[in-house]
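Engineer: Take this structure first; my questions come after.
Here, each number is a calculation from the coordinates, and none is a lab measurement. These numbers come from a predicted model, not from an experiment. Every residue, glycine as well, gets a Cβ built from its backbone with ideal geometry; the counts of neighbours run over all protein chains shown.
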Amino acid sequence: METIETHGVAIPRLGLGTFRMPGDAARPVIESALELGFRHVDTAAMYDNEASVGAALTASGINRADLFVTTKVWHDKLSPDALRRSFDTSLGKLRLDHIDLFLVHWPSAKMNISATLDAITKLKEEGLARAIGVCNFN
């Protein structure tokens, strides 16, 4: 599959979004997508399907180096401690040792943007997230 490279990270051009696939509903869809050749799966703590995504990734038997997984932290978990707890929970549910792209899902007007960015930068520096960013920033 073709990739887009940014900051030394190759991201598959085509990815499977799992929004509105809560709980176990996501697993068969992800398994089918992986069989069809998808290697980028996008989820989020708010989607309530990270455990199903993790189960599907594990069951696929696909080498971790060939997968690209994006997940996101919700706006009510943006203080550094809450963000880290949310990240660790997501990592556990996904059954992974790192996240390829970790995003602030939806910035909050109440967030301390400097502290939040420092917290996600630390995850990257620790090798727990290969790439970091912010989405839905309006």
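Engineer: Could you look through the stretch 93-138, keep only residues that are in a helix (DSSP H, G or I) and under 12 Å from the mean Cα position of the chain (by Cα), and pick out the one that is farthest from residue 62 (Cα to Cα)?
Structural biologist: 93
Engineer: For the structure I just gave you, tell me whether residue 70 is under 13 Å from the mean Cα position of the chain (by Cα), part of a strand (DSSP E or B) and not aliphatic (A, V, I, L, M).
Structural biologist: For residue 70, the condition - under 13 Å from the mean Cα position of the chain (by Cα), part of a strand (DSSP E or B) and not aliphatic (A, V, I, L, M) - is met.
Engineer: Sticking with this one: Under 6 Å between Cβ atoms, which residue pairs at least 6 apart in sequence (or on different chains) link something in the stretch 53-72 that is more than 20 Å from residue 6 (Cβ to Cβ) with a partner that is among the basic types (Lys, Arg)?
Structural biologist: 54/93; 54/95; 55/27; 56/27; 58/95
Engineer: Kindly provide the set of residues from the stretch 81-92 that are of a type in the set (S, T, N, Q) and either over 12 Å from the mean Cα position of the chain (by Cα) or surrounded by fewer than 17 Cβ atoms within 10 Å (Cβ to Cβ) (or both), ordered by number.
Structural biologist: The one that is of a type in the set (S, T, N, Q) and either over 12 Å from the mean Cα position of the chain (by Cα) or surrounded by fewer than 17 Cβ atoms within 10 Å (Cβ to Cβ) (or both): 89.
Engineer: Report, ordered by the first and then the second residue, all pairs with beta carbons closer than 9 Å, sequence separation of six or more or different chains, a first member in the stretch 116-138 that is among the basic types (Lys, Arg), and a second member that is assigned to a helix (DSSP H, G or I).
Structural biologist: 122/80; 122/84; 130/124
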